[in-house]
Structure formats: C-alpha cells, structure tokens
1. Among Gly68, Thr24, Gly37, whose Cα lies farthest out toward the positive end of the dipole of the stretch 20-124, if unit charges sit on the beta carbon of Lys, Arg (+1) and Asp, Glu (-1)?
2. With N residues in the stretch 11-96, what two-decimal value do you get for its Cα radius of gyration over 2.2 N^0.38 Å?
Amino acid sequence: MREVTQVEQGSLPALLEALLLVSTDAVPLRDLAQAAGAAEQDVQEALAWLASSYADANRGIQLREVAGGWRLFTHPAFHDQIEAYVLSWDKRKLSQAALETLAVIAYHQPVSRDGVRAVRGVNSDGVISSLREKGLVREVGKDARQAVLFGTTTRFLETFGLRSVQDLPPLEDFAPDEESRAFIRERLSGRAMEVTLEETMSDLEEEQELIGPANEVDGAQDVEQG
C-alpha cells in the first residue's frame with residue numbers, strides 16, 4: 001500500500017507554505033485561516049513553527065510578519081546575488097528597440113508616441129505597448145492635443161536599481177568624443193522640436209482663423225470697387 005504523505009494528510013504548515021508561495025503580498029492571518037479552513041490560533045502557531053524551521057535550517061527563504069500579514073522573503077545574506085540575477089534577467093527580455101524606446105521615455109517623460117518617434121525616427125507604438133505589458137511604462141496624462149503621454153513606473157526604477165528618475169545618468173557621459181556628445185544632444189532635442197512644431201502649427205492655425213475672413217472681406221471690396 002502506498003504511504004500517505006504528511007501533505008496529503010492535510011499538514012497545516014505545508015498548506016500555509018503553499019498558500020504563501022503563490023501570494024505576491026503579505027497575507028493577513030485571518031485570510032490564511034479562511035483559506036486553510038483552520039482556526040486562527042492554529043494558523044498562528046503553524047506560521048511561527050514555519051518561521052522557526054526556516055531559520056534553524058538556515059534556508060534561503062524566510063517567513064516574516066510584515067505590514068499586517070505574513071510573507072515569504074529571500075534570505076538577506078544573498079541580497080546582492082539575487083539582485084544582480086533578477087536585474088540581468090529582466091534586462092535580457094528587452095530587445096534593442098525596447099531598450100531604445102524605454103530610454104527615450106525615461107529621459108523625455110512625459111512624452112507622446114510622436115515624441116518617441118521624433119527621437120528614434122521610427123514608429124514605436126508596438127514597442128510601447130510591450131513595455132506597458134511588462135509594467136515598465138504607463139500612461140501619465142494627455143497633452144494639449146489630447147495625445148497620450150507616457151512615463152516610467154516604479155517597477156522601472158526597481159528593475160534598474162534607481163531611487164528616482166533623477167538618478168538617471170546623463171547620456172552625454174557615455175559619449176566617447178565631442179562629436180558624439182553633439183549627436184546625442186541633437187537626438188535628445190527631438191521632443192523639444194516636436195513641441196515647438198506643435199506650438200508653431202497651433203499659432204498658424206489661430207492666425208489663419210483671424211486672417212482668412214479678413215482676406216475674404218478685402219477681396220469682396222476689391223470686386224465691388226472694380
């Protein structure tokens with residue numbers, strides 16, 4: 001006869017461990033008790049036993065009570081290795097086009113699709129959608145023409161190890177010579193050029209609205225006088 005394992009018997013610590021593994025946030029004691037179908041006191045004791053067993057066995061994970069709930073964490077002794085691994089894994093998933101588009105948004109935000117196109121020189125709508133799905137880019141508002149503006153997210157900062165966008169290094173620092181620095185400055189002026197063009201077109205439209213009717217009146221007067 002096949003031996004019945006402790007998990008199959010309904011081990012409460014094992015069940016709680018499984019529930020916490022699929023949880024992305026700290027889970028309150030009450031929610032764990034409800035999910036496990038057990039009394040809160042029993043769940044509290046099982047969680048304490050789990051936390052102690054992880055610590056005694058010097059495991060790579062820890063169970064801690066934080067923010068009003070319980071959550072599994074990686075061991076702080078391995079923080080540097082885990083951070084390097086996760087960051088490199090996230091970056092490998094981004095194509096060259098995605099990295100370029102993300103850089104444009106990061107340095108120009110808030111920026112529209114046309115703003116990104118002005119700098120990259122190609123349509124980037126599909127890449128922007130991919131970056132949004134990855135949680136690196138989000139909509140932050142609309143400009144005067146109701147075009148959607150994009151900016152980076154908290155996940156972007158976490159992924160690239162930044163406290164804020166103010167920590168982004170100046171792109172010119174990576175240029176090997178003055179010619180390259182001048183090229184970077186020119187490329188980065190794309191959004192400024194776009195804004196200037198939009199303002200110029202807007203001014204021309206307003207001016208045309210004012211001048212157009214006046215020309216029609218003047219023309220009518222010329223005919224009458226002729």
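Each reported figure results from applying straightforward, stated rules to the coordinates on display, with no laboratory input. Please read all numbers here as calculations on a predicted model, not as lab measurements. Don't worry about glycine lacking a Cβ; one is built from the backbone with ideal geometry, like all the others, and counts go over all protein chains shown.
1. Of the listed residues, the answer is Thr24.
2. So the stretch 11-96 has a normalised radius of gyration of 1.29.
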